[in-house]
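A.B. asks: Sharing a structure here in structure tokens format.
Derivation of every value follows stated rules applied to the coordinates shown; laboratory data play no part. Because the structure is a prediction, the values reported are computed rather than measured. Neighbour counts run over all protein chains shown; Cβ positions are idealised from the backbone, glycine included.
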Amino acid sequence: MPELSILGQPVSPVEVIAVVTGLLSVWFVLKLNLLTWPVGIVSVGCYALVFFEAKLYADALLQLAFVVASVHGWQQWRKCGSSAAVDIRVLTGARNERLAALGGGVMGTAAVGLVLARLTDSPAPFADAAVFTFSLLATLLQARRRIEGWWYWILVDLISVPLYWSRSLHLTTALYLIFLVMAVIGLRAWLSRLQAQQA
């Protein structure tokens, strides 16, 4: 597929589709809208191709895991209502659940990073592994409507911006800067919703 050019930088049409649907998916999750999941599946399918081409193998594999996690999230959210905009109660995990999630994320990053460092030509194995592990963790937490998922998305975005810039994925870098802002907005919105529920 021929590449496009944005601000003098080459961009593949697949990356453009991934970016647009990625933005829509995050917008829908901010609104607690069921469309977040099918639109997100389109985005991650495109990104699987983009990241594989950029030799970010864990990120490419992550997109396939996202498909499975998105189907799970879609099913979980549908239990809260049958319309697109469902009445979803947000939750927060117990302290031991939060510690277990963090510990699992750190150990997963170390394990995946070692595999990438030894078995692939990944230029940034541990950054790639951190994006893989914590993105998967954030998606699973979000599927369970846990506020903590937003904290992990913020961490992922902070790691992803320099990583994707280093691989000349400039449009995706810009997307993850926007994702960072949207994650902060999402965290605040879900915290406000939690306070309203408790009131």
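A.B. asks: Residues in the range 152-173, backbone N under 15 Å from the label point at THR120 (7 Å along the Cα-to-beta-carbon vector): list them, ranges by number please.
C.D. replies: 160, 163-164, 167
A.B. asks: State whether the range 97-184 is rounded, prolate or oblate according to the following rule on the C-alpha gyration tensor (a ≥ b ≥ c being the square roots of its eigenvalues): a/c under 1.5 gives rounded; otherwise a/b larger than b/c gives prolate, and the remaining case gives oblate. Walk me through the numbers on the way to the answer.
C.D. replies: Details: a/c = 2.80, a/b = 1.12, b/c = 2.49.
Cα axes put the range 97-184 in the oblate bin.
A.B. asks: Quick one: length gained pulling SER192 to LEU64 fully straight, 0.36 nm per residue minus the C-alpha distance?
C.D. replies: Numbers: separation 128, 0.36 × 128 = 46.08 nm, distance 3.22 nm.
Gain on stretching SER192 to LEU64: 42.9 nm.
A.B. asks: Let me ask something additional. For the chain, what does -39500 (n - 2.57) per DSSP helix run (n ≥ 4), summed and divided by total residues, give at 222 nm, in deg cm²/dmol to the nearest 500? Working shown, then result.
C.D. replies: Numbers: 7 runs with 150 residues, N = 199.
Calculated from helices alone, the mean residue ellipticity at 222 nm is -26000 deg cm²/dmol.
A.B. asks: Let me ask something else about it. Taking the Cα atoms only, what angle lies between the long axis of helix 125-143 and the longest principal axis of the chain, rounded to 10 degrees?
C.D. replies: Around 30 degrees separate the two axes.
A.B. asks: Between LYS31 and GLN76, 0.36 nm times their residue separation minus their Cα-Cα distance comes to what?
C.D. replies: Length gained between LYS31 and GLN76: 14.6 nm.
A.B. asks: Here is a follow-up. Does anyone have the angle between helix 95-119 and the longest principal axis of the chain? Alpha-carbon axes, 0 to 90°, nearest 10?
C.D. replies: 10 degrees
A.B. asks: Moving to a separate point now. Angle, helix 170-198 long axis vs. longest principal axis of the chain, Cα atoms, 0 to 90°, nearest 10?
C.D. replies: Tilt of helix 170-198: around 10 degrees.
A.B. asks: Now for a separate question. Expressed as a whole number of Å, what is the distance separating the alpha-carbon centroids of the range 121-195 and the range 51-81?
C.D. replies: 13 Å
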